[in-house]
1. Collect the residues in the stretch 224-246 that are over 17 Å from ALA178 (Cα atoms) and outside any helix (DSSP H, G or I), keeping them in residue-number order.
2. Among the listed residues VAL50, VAL61, identify the single one that is surrounded by fewer than 22 Cβ atoms within 10 Å (Cβ to Cβ), modelled with pLDDT of 95 or more, within 16 Å of the chain's Cα centre (by Cα) and not in a strand (DSSP E or B).
3. For PRO35, state whether it is touching a Pro at 6+ places or on another chain (Cβ under 6 Å), touching a residue at least 12 places away in the same chain (Cβ under 8 Å) and of a type outside the set (A, V, I, L, M, F, W, C).
4. Which ones in the stretch 80-106 are closer than 28 Å to GLU232 by Cα, among the charged types (D, E, K, R) and at pLDDT 95 or above?
5. In the stretch 168-184, which residue that is β-branched (Val, Ile, Thr) and touching a Lys or Arg at 6+ places or on another chain (Cβ under 6 Å) is nearest to LEU215 (Cα to Cα)?
6. Looking at the stretch 82-90, can you tell me whether even one residue there is surrounded by fewer than 18 Cβ atoms within 10 Å (Cβ to Cβ) and either outside any loop (DSSP other than H, G, I, E, B) or in contact with a Gly (Cβ under 7 Å, 6 or more places away or on another chain) (or both)?
7. Give the stretch 101-153 a look and list any residue that's part of a helix (DSSP H, G or I) and among the aromatic types (Phe, Trp, Tyr), or say none.
8. Inspect the stretch 50-66 for any residue being of a type in the set (A, V, I, L, M) and within 23 Å of ARG197 (Cα to Cα) and give the result as yes or no.
Amino acid sequence: MAARYLLRIDDLCPAMNWSVWEQVERILDNAGAQPLLAVVPANRDPHLEVDAPDPDFWNRVRGWQRRGWAIGLHGYEHRYVTRSAGIIGRNAYSEFAGVPETEQRRKLENALAIFAAEGVRADAWVAPAHSFDKTTVALLAELGIDCISDGYALAPFADARGLLWVPQQLGRFRSMPAGTWTVCLHLNAWGTAQIARFKADVERYRGRLVSLAELKSQFRSRRRSLEDTLFEACFRKLRAAAGAGQ
């Protein structure tokens with residue numbers, strides 16, 4: 001099967017870079033793309049505060065979800081409190097990894113309560129900095145989140161708890177021969193060059209873009225394979241050699 005791509009856009013919050021987003025949203029609409037949008041429930045990270053807060057933010061989020069765009073629970077406050085890289089091991093700072101279970105539960109319950117109050121469904125878990133631990137995973141399953149956007153594999157797979165792991169491997173579009181690839185983008189620092197490149201990439205790959213809902217339907221019963229394990233080992237070595245972080 002030819003490679004397919006899920007678009008994931010991180011760090012959506014009331015004070016995000018709206019001038020960039022307006023252009024990105026038009027590109028997505030014109031291509032009929034259905035991305036995964038990672039929304040911070042109660043942002044306290046000043047690095048994500050670019051524009052004046054939009055008082056209509058949550059109405060926008062509800063509108064995206066009505067369109068069929070997936071909404072990811074992007075942590076709670078996007079505030080790093082430990083130096084743990086967690087089970088993914090990509091960045092040595094975290095909002096969740098290494099935090100006691102009671103505190104993790106409080107954060108997740110508060111985050112989900114905000115989503116519920118705003119009429120938004122959490123379609124997936126998206127950890128800030130890709131950093132979370134086994135405690136986080138157990139709590140996600142307990143609290144009813146059925147999908148994690150992270151990790152390395154050739155295709156999504158379900159774990160023993162029934163959580164569907166949708167791998168997140170790329171920071172930009174790359175031509176791949178096969179597999180399912182999540183392209184994770186951060187828009188706040190984009191300029192005209194990045195927007196133009198994004199538009200060209202979406203046009204080039206639009207026939208291979210896939211939604212999170214499609215992946216959930218197709219891979220819900222797939223288990224992690226030996227090929228996935230070998231791929232992860234090789235991919236981690238390639239990332240380490242390239243000095244990749246986020």
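1. Within the stretch 224-246, GLY243, ALA244, GLY245, GLN246 qualify.
2. Answer to the selection: VAL61.
3. Spelling it out, it is not the case that PRO35 is touching a Pro at 6+ places or on another chain (Cβ under 6 Å), touching a residue at least 12 places away in the same chain (Cβ under 8 Å) and of a type outside the set (A, V, I, L, M, F, W, C).
4. ARG83, GLU95, GLU101, listed by residue number.
5. The qualifying residue nearest to LEU215 (Cα to Cα) is THR180.
6. The answer is yes; a qualifying residue exists.
7. PHE115
8. The answer is yes, given that some residue of the stretch 50-66 is of a type in the set (A, V, I, L, M) and within 23 Å of ARG197 (Cα to Cα).
The values are calculated or read from the model by the stated rules, or taken from the named source; none is laboratory data. This is a predicted model, so every value here is computed, not measured. Virtual Cβ from ideal backbone geometry, glycine too; neighbours counted across all protein chains shown.
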